[in-house]
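The values are calculated or read from the model by the stated rules, or taken from the named source; none is laboratory data. Treat the numbers as computed from the prediction; the structure is a model and nothing was measured. Reconstructed Cβ throughout: ideal geometry from the backbone, glycine too, with neighbour counts over all protein chains shown. We work out accessible area using only protein heavy atoms, side chains counted, and drop any ligands, DNA or RNA first. Shrake-Rupley method; radii C 1.70, N 1.55, O 1.52, S 1.80 Å.
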Amino acid sequence: MVLNEMGQKISQALAFINNAETLDEKVLDACLKEICTALLQADVNAKLVFGLRTNVKIRANNADKGAGLNKRKIVEKAVADEVTSILDSGVDEKKLTDLKKGQPNVIMFVGLQGAGKTTTCTKYGAYYKKKGFKPALVCADTFRAGAFDQLKQNATKMGIPFFGSYSETDPAVIAQQGVEKFRAAKHDLIIVDTSGRHKQEEALFEEMRQVATNVQPSLVIFVMDGSIGQAAFDQAKAFKDAVEVGAVIMTKMDGHAKGGGALSAVAATKSPIIFIGTGEHMDEFERFEAKAFVGRLLGRGDWRGFVDK
Amino acid sequence: FVRSLGVSVVGTAALTREDIAGALAQLKRRLMERNVAEEIAEKVCESVAVNLEGRRLAGFTRIGTAVRAAVEEALHRILTPRRSVDILREVRQAKARGRPYTIVFVGVNGVGKSTNLAKVAYWLLQNDVSVMIAACDTFRSGAVEQLKTHCARLGVPLYERGYEKDPAKVAYEAQRAAARESTDVLLVDTAGRMQDNEPLMRALSSLIALNRPDLVLFVGEALVGNDAVDQLTKFNRRLTDLAHDQTQAHTIDGILLTKFDTIDDKVGAALSMVYSSGAPIMFVGCGQTYVDLTKLNVKSIVRSLLK
Ligand SMILES: Nc1nc2c(ncn2[C@@H]2O[C@H](COP(=O)(O)OP(=O)(O)OP(=O)(O)O)[C@@H](O)[C@H]2O)c(=O)[nH]1
Ligand SMILES: Nc1nc2c(ncn2[C@@H]2O[C@H](COP(=O)(O)OP(=O)(O)OP(=O)(O)O)[C@@H](O)[C@H]2O)c(=O)[nH]1
Ligand SMILES: [Mg+2]
Ligand SMILES: [Mg+2]
């Protein structure tokens, strides 16, 4: 996967430390420069990246003071900790993806304009349908031209019931009607698609809060485009502050982007990435396991073991 | 940012790399924080360094001041279009020759092609230019209905043949329909595609080869990070490589930068896109309604980048 490119560069930089004869300031700076460049090229938030550099340097300097400690190990662990803290939300994603059957799971999708919400809603529904759930889709986007048709066509293709309206203009009203209808029909996975919005327009955020109030979602999923740059962190944080974002889905990972911007959303929302989208077709959708990813990223099978040492 | 570098050199010695290294490192960091792609930030800094090295500063000029001035100048130079396209004039010229002026909107998925195509239609109508829209995204669900809605609102005819048709053919037929009805401008919407998606890039290249549009507009979102460079470079390269006749290849003529209202001062994508393609930013999308389309303000971009 594309993210691995970033991981390879980080591993290389760490290997560079291991192979250097002495770990002096110059070697450390060169290594950190490599790591920071790799992260920045992947769109990881610049403040997080420069914070990483500062923190690793502080820990390395402290190591100089402490007698007998292995500086290499300390630097390696410092880098690993810092990278992990950027990539890993600390939340167990299994808790978010292992939905319980037979109870109405109401999942609300939110995100910036064009991030891939509507497409991902259907992919998500189809994924759980295969697992034996009874999904249904509610279109609470009354703003975008053709939004209901888009959801309808996708849902029909995948054989998922849907609800929406061409005349009702209040998304909170439609959302509530749709969820009530599908609850009554004993659907155990009710997916609510919403319009794209951004933090600069407060009215749009207020609308999102109203939808959330009306449908009382069991999980709010923030959908983020894998090619997003430095605006990611602030936008993600604003969404989190407005509604209870619990998970992130990163889309368009079939492109060339490395996904670091969307990774900043993890730090901003303290929520794990649970799926990634890898194409426009409905089956181009994969589970994402952050822990395994971080492990691979740093070239270690058993990453947890290393961190906890 | 350079204010912190209060060191001043008195104007005798020539500047060395070392003198300016600190200021440049800070500059690069600032540019990246403002969402300029790493590669582009590096190149801008490098060109400024080359420019300043060996230069003698006038008496009591601070290094920071000199670097700032050089950077500001470089950014202005990059962002100021080398070729300017006056669409309205070109439209009148095409009209005089009795054929519709065709604009094709291209770009990756979800950046705002269809919405901003509708905004351009609105702008043309404001300028007494008649418009037809061609629905050549025959793939994405709802794409045709999306345009239908815009056309109904704008009172503009739509040429569509539904889904799963060959977009190049639909565009071809639309051009003939526009000519028949003496429409001034035909706006061609295309499906979003990833720059590495070979079959889809091939299809786009065929559409352009077959229909010889007057203007190929690349639509890119201001939210995009480092991928901006790759998008522009690869769209241009693929359009050249895949053209039937490479000497006739038609690459990107201009850029439409969207979602400018979602990024605060992180305006760096504008710089990355222009630097990577050499194409001018012809329109800036700054909202979700028809009036949210403006021209690029180079001065304010440079100000945001350096603030
Ligand atoms: N290549 C690729 N394209 C994707 C992926 N996910 C979504 N898309 C495309 O991205 C574009 C936007 O997707 P939508 O689902 O309409 O996005 P949205 O967030 O609902 O958009 P708004 O409702 O306007 O905010 C469409 O062209 C989708 O086909 C993906 O994983 N890979
Ligand atoms: N805030 C903001 N949103 C925009 C702007 N331009 C477009 N959008 C929104 O971005 C989303 C995607 O727009 P579309 O026009 O469907 O994008 P597209 O590139 O045609 O998408 P595909 O055809 O699926 O590839 C919609 O929700 C638009 O309302 C803009 O300038 N500002
Ligand atoms: Mg949508
Ligand atoms: Mg479109």
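What net charge do the residues around A:ALA236 carry, taking every other residue with its C-beta under 15 Å from that of A:ALA236, with Lys and Arg at +1 and Asp and Glu at -1?
Numbers: positive: A:LYS47, A:LYS117, A:ARG197, A:LYS199, A:LYS237, A:LYS240, A:LYS270, B:LYS266; negative: A:ASP43, A:ASP225, A:ASP234, A:ASP241, A:GLU244, B:ASP264.
Local net charge: +2.
If contacts are Cα pairs under 8 angstrom and at least 6 residues apart, what is the relative contact order of chain B in percent?
Once normalised by length, the contact order is 22 percent.
Just to be sure I understand the interface: list residues from the range A:116-159 that lose 40 Å² or more of accessible area between the chain on its own and the complete protein assembly, 1.4 Å probe.
The answer is A:PHE143, A:ARG144, A:ALA145, A:GLN150, A:GLN153.
Report the Rg/Rh value for the protein assembly as shown, based on alpha-carbon coordinates and the Kirkwood definition of Rh. Before the final figure, lay out each step's value.
Details: Rg = 25.8 Å, Rh = 25.9 Å.
Here Rg/Rh amounts to 1.00.
The range A:183-267: D in µm²/s via Stokes-Einstein (Kirkwood Rh, Cα pairs, 25 °C, 0.890 mPa s)?
It diffuses with D of about 176 µm²/s by this estimate.
Quick one: Cα centre-to-centre distance for the range B:134-165 and the range B:92-106, in angstrom?
20 Å
Of B:ALA249, B:SER206, B:ALA41, which is farthest along the charge dipole of chain B in the positive direction, counting Lys and Arg as +1 and Asp and Glu as -1 at C-beta?
B:ALA41
With equal scatterers on the alpha carbons only and no solvent term, can you work out the Debye log10 of I(q)/I(0) for chain A at 0.07 1/Å?
-0.31
Per the 1.4 Å probe, what fraction of the accessible area of chain B, in percent, lies on carbon and sulfur atoms? Please report the intermediate quantities before stating the final value.
Details: 6310 of 12660 Å².
Carbon with sulfur: 50 percent of the solvent-accessible area.
Run the helix sum for chain A: -39,500 (n - 2.57) per DSSP H stretch of 4+ residues, divided by residue count, reported at 222 nm to the nearest 500 deg cm²/dmol.
On the way: 13 runs with 165 residues, N = 309.
Counting only the DSSP helices, I get -17000 deg cm²/dmol.
Would you work out which of B:GLY64, B:ALA96, B:ILE78 lies farthest towards the positive end of the dipole of the range B:37-113, given +1 charges on the beta-carbon of Lys and Arg and -1 on that of Asp and Glu, about the Cα centre?
B:ALA96
Distance from the Cα centre of the range B:237-307 to that of the range A:99-177, in angstrom?
What the calculation gives is 33 Å, centre to centre.
Pop out a list of residues from the range A:174-206 that are at least 50 Å² less accessible with all the protein chains around than in their chain alone; 1.4 Å probe, no ligands or nucleic acids counted.
In the range A:174-206, residues shielded by partner chains: A:GLN200.
How large is the accessible surface per residue of the protein assembly as shown, computed with a 1.4 Å probe and reported in Å² as a whole number?
On a per-residue basis, the protein assembly as shown sits at 41 Å².
Can you tell me the dipole magnitude for the protein assembly as shown around its Cα centre, using point charges on the Cβ only (Lys, Arg +1; Asp, Glu -1), in Debye to the nearest 20?
That gives the protein assembly as shown a dipole magnitude of about 340 debye.
What number, in percent, do you get for the relative contact order of chain A if the mean sequence gap of Cα pairs under 8 Å and at least 6 apart is divided by its residue count? Each step should come with its number before you reach the end.
Values: 568 pairs, mean separation 72.7, N = 309.
Relative contact order of chain A: 24 percent.
Exceeding 21 Å between C-alpha atoms, which entries from my cross-link table qualify? They are A:LYS26/A:LYS57; A:LYS117/A:LYS186; A:LYS117/B:LYS259.
Values: A:LYS26/A:LYS57 12 Å; A:LYS117/A:LYS186 24 Å; A:LYS117/B:LYS259 17 Å.
Beyond 21 Å between Cα atoms: A:LYS117/A:LYS186.
Can you compute the FRET efficiency between A:ASP92 and A:GLN216 using 1/(1 + (r/R0)^6), with r the Cβ-Cβ distance and R0 = 22 Å? Round to the nearest 0.05.
My answer for the efficiency is 0.45.
Can you pick out the pairs among A:LYS129/A:LYS152; A:LYS33/A:LYS77; A:LYS123/B:LYS266; A:LYS291/B:LYS266; A:LYS152/A:LYS270 whose Cα atoms lie more than 27 Å from each other?
A:LYS123/B:LYS266; A:LYS291/B:LYS266; A:LYS152/A:LYS270
Using Cα pairs closer than 8 Å and at least 6 residues apart in sequence, work out the relative contact order for the range A:153-309, in percent.
15 percent
Calculate the dipole size of chain B relative to its Cα centre from +1 charges on Lys and Arg beta carbons and -1 charges on Asp and Glu beta carbons; express the result in debye to the nearest 20.
My answer is approximately 660 debye.
Under a point-charge model restricted to the Cβ atoms of Lys and Arg (+1) and Asp and Glu (-1), what is the dipole moment magnitude of the range A:157-309 relative to its Cα centre, in debye to the nearest 20? Please report the intermediate quantities before stating the final value.
Values: 18 positive and 21 negative charges, 136 e Å.
Dipole size: approximately 660 debye.
For chain B, what is the convex hull volume of the alpha-carbon atoms per residue, in Å³?
Looking at chain B, the number lands at 136 Å³ per residue.
Ballpark to the nearest 100 Å², how much total accessible area do A and B bury together, probe 1.4 Å?
In total, chains A and B hide about 3300 Å² from solvent.
Per the Kirkwood definition applied to all pairs of different Cα atoms, how many angstroms is the hydrodynamic radius of the range B:161-307?
Computed over the range B:161-307, the radius equals 16.6 Å.
In the range A:66-164, carbon and sulfur make up what percent of the accessible area (probe 1.4 Å)?
Of all accessible area on the range A:66-164, carbon and sulfur atoms account for 55 percent.
Could you tally the net charge around A:GLN200, taking each other residue with its Cβ under 11 Å from the Cβ of A:GLN200, Lys/Arg +1 and Asp/Glu -1?
-2
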